[in-house]
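The values are calculated or read from the model by the stated rules, or taken from the named source; none is laboratory data. Keep in mind that this is a model prediction, so the values were computed, not measured. As a convention, Cβ positions derive from the backbone with ideal geometry for all residues, glycine included, and neighbour counts pool all protein chains shown. Quick note on the areas: whole protein, heavy atoms, side chains included, nothing else; ligands and nucleic acids left out. Shrake-Rupley method; radii C 1.70, N 1.55, O 1.52, S 1.80 Å.
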Amino acid sequence: MMQRRHLLAAAAAAPFASPAQSGPWPSQPVKLLIAFPAGGPTDITMRVLAENAAKLIGQAVVVENRPGAGGTLPAQVLQQSKPDGHTLAQIPLGVFRLPYTTKINWDPVKDISYILGITGYAFGVVVPSESPIKSWADLVAWAKANPGKLAYGSTGVLTSPHLTMEDIAQRLGLELNHIPYKGSADLMQSLLGGQLMAAADSTGFAPHVSSGRLRVLCTWGEQRLAKFPDVPTLKELGLPIVQASPYGLGGPKGMEPTLVARIHDAFRRAMEQPSHVEVLAKYDQQLLPMNPEQYSRFAEDTYQREKVLVEKLGLAKPT
């Protein structure tokens, strides 16, 4: 029995074997590219995931923040990376909009190896607590009375918060002034500093709401958030919109299926550990696991769906 326990412990710490042509994985530290800056909800939760995974695979998982370009820079880095499993990236929803808005020479469905769906965001709209805007109805009324003057911030051009707000504006006949930021930390700083009237963001704003500095006007999920049970959803406010912006883990094109499976298994175990589940819960995020086949299918479906939204909002690049 003692011998068996030693063997199991050794197996857990050993590198995951991969195909002969790829060598063992990991044979060196794994680079994990994050699409948003340090200090925001994505960075905080993904670093916990990286720590958990490092303990399982016996190599460091080094987080690198690559903010900007609507969260698409990590996916672009994958296009020049070796398919050996040592460079991985967060794949936000903005990746599937990129070909419709920008000229690129790669395909987000065909040129990424989809490994694991992880989670999605809980979004909402917030204003400073001292703002005269006390409710979503107040915001809509003020925006209608002052076309183009309601300055709101998001985490970047063509991100889910930006596109969802533009979708809302189009449905309600509003003209808003969008101010993009690279991430939640900078966005919250500007909102609290008085440079913005409102912000559309994931629930990284929660600590500022708890401290009494911000007020939540609406949330964007299928149901009300546990952290803000008194705040209505967009659906409750008469807008048939649900936005969770699921994201996960991808690698370069051409990864061996057996290698993809092993990385999936390691990070799936890492994401299900209590430390990761608990840090997600701080932002009202839940696990949304997808295996490689499911995640690849999600990528195909999302790519088609985002085309419709981008064209509807008039944001498609000229043909």
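Data table
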quantity	calculated
Of the criteria (1) hydroxyl-bearing (Ser, Thr, Tyr); (2) at pLDDT 95 or above; (3) in contact with a Pro (Cβ under 9 Å, 6 or more places away or on another chain), which one residue 45 fails	(3)
Pair list, Cβ under 6 Å, 6 or more apart: the range 287-314 residue among the polar types (S, T, N, Q), other residue open to solvent by less than 40 Å² (accessible area, probe 1.4 Å)	296/114; 302/96
Residues located in the range 209-230, provided they are under 22 Å from the mean Cα position of the chain (by Cα), in a loop (DSSP other than H, G, I, E, B) and surrounded by 13 or more Cβ atoms within 10 Å (Cβ to Cβ)	220, 221, 224, 225, 227, 228
Breaking point among (1) surrounded by 23 or more Cβ atoms within 10 Å (Cβ to Cβ); (2) in contact with a Pro (Cβ under 6 Å, 6 or more places away or on another chain); (3) closer than 30 Å to residue 308 by Cβ, for residue 57	(3)
Criterion: closer than 23 Å to residue 292 by Cβ and not charged (D, E, K, R) - qualifying residue of 70, 117	117
Residues satisfying the stated conditions in the range 243-287, i.e. touching a strand residue (DSSP E or B) at 6+ places or on another chain (Cβ under 9 Å), modelled with pLDDT under 95 and either β-branched (Val, Ile, Thr) or open to solvent by 60 Å² or more (accessible area, probe 1.4 Å) (or both)	286
Lone unmet requirement of (1) of a type in the set (D, E, K, R); (2) open to solvent by 50 Å² or more (accessible area, probe 1.4 Å); (3) within 21 Å of residue 274 (Cβ to Cβ) for residue 64	(3)
Residues being free of Cβ contacts under 8 Å to residues at least 40 places away in the same chain and either farther than 17 Å from residue 185 by Cα or aromatic (Phe, Trp, Tyr) (or both) - total across the range 56-89	7
Set 30, 77: member being at pLDDT 95 or above, surrounded by fewer than 20 Cβ atoms within 10 Å (Cβ to Cβ), aliphatic (A, V, I, L, M) and closer than 23 Å to residue 260 by Cβ	77
Number of the condition not met by residue 187 [criteria: (1) surrounded by 17 or more Cβ atoms within 10 Å (Cβ to Cβ); (2) assigned to a loop (DSSP other than H, G, I, E, B)]	(2)
Considering residues of the range 173-205 that are in contact (Cβ under 8 Å) with a residue 60 or more places away in the chain and over 23 Å from residue 65 (Cβ atoms) only, the residue nearest to the chain's Cα centre (by Cα)	198
Residue list for the range 58-74, filter: in contact with a helix residue (DSSP H, G or I) (Cβ under 9 Å, 6 or more places away or on another chain), closer than 24 Å to residue 158 by Cβ and at pLDDT 95 or above	63, 64, 65, 66, 74
